[in-house]
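Accompanying notes for the structure given below.
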Amino acid sequence: MGTIKIHAGDFPTGKASSHFSAIVFPWKPGDGFSAGECVQFTDIEALEVANEESVKKLGGTVGWGVVGATLLGPVGMLAGLLAGGRKSEVTFVCKFKDGRKMLATTDSKTFTKMQAAIF
C-alpha cells in the first residue's frame, strides 16, 4: 500500500492511497455512505513524470494553465530533482480514460506499478 498526495486536478487535494492495483480516494461531501472512490490503474490513459511540458500537454484547460503557472515551476523543478536524484518519490501527471486528470506525488514503487498496469 502506497500513499499518493494529490496536488491539483479533478480529485480533491490531499492524500489518497494505492491498494493492489487501484487508487482509493478519500470520502468527500456528496459521496453518500461510500468509503470513497476507487479507480483501477487500468483506467489510466497516460502517466508522465511532471514537468511543465507534460502538464501543458495533458492539461489543456485554463485551470491547468493556472496550475502550471503557480505550482509547476517549483514542483516541476522538484520533480526533476526527485526523479533524477536518490529520492524515492515521483511527482507525476495522470490522465484517466474518463478525461479526469491529477497532479500528484507518490513513492517510486507505486509509480512503477501504475506504469506497468498501462503498459
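The values are calculated or read from the model by the stated rules, or taken from the named source; none is laboratory data. Owing to the predicted nature of the structure, the values given are computational and were not obtained by experimental measurement. Using ideal geometry, Cβ is built from the backbone for each residue, glycine included, and neighbour counts are taken over all protein chains shown.
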Fill in: Every pair of residues 6+ apart whose Cβ atoms lie under 6 Å, when the first sits in region 1-28 and is surrounded by 16 or more Cβ atoms within 10 Å (Cβ to Cβ) while the second is acidic (Asp, Glu) and modelled with pLDDT under 90
Phe25/Glu37
Discussion item. Please go through (1) at pLDDT 90 or above; (2) buried (at least 16 other Cβ atoms within 10 Å of the Cβ) for Lys97 and return the number of the only condition it doesn't satisfy.
Written reply: (2)
Fill in: Residue list for region 91-119, restricted to those being in a helix (DSSP H, G or I) and farther than 16 Å from Ala16 by Cα
Thr112, Gln115, Ala116, Ala117, Ile118
Item to complete: Tally the residues that are among the aromatic types (Phe, Trp, Tyr) and either in a strand (DSSP E or B) or over 11 Å from the mean Cα position of the chain (by Cα) (or both), restricting the search to region 1-23.
Response: 1
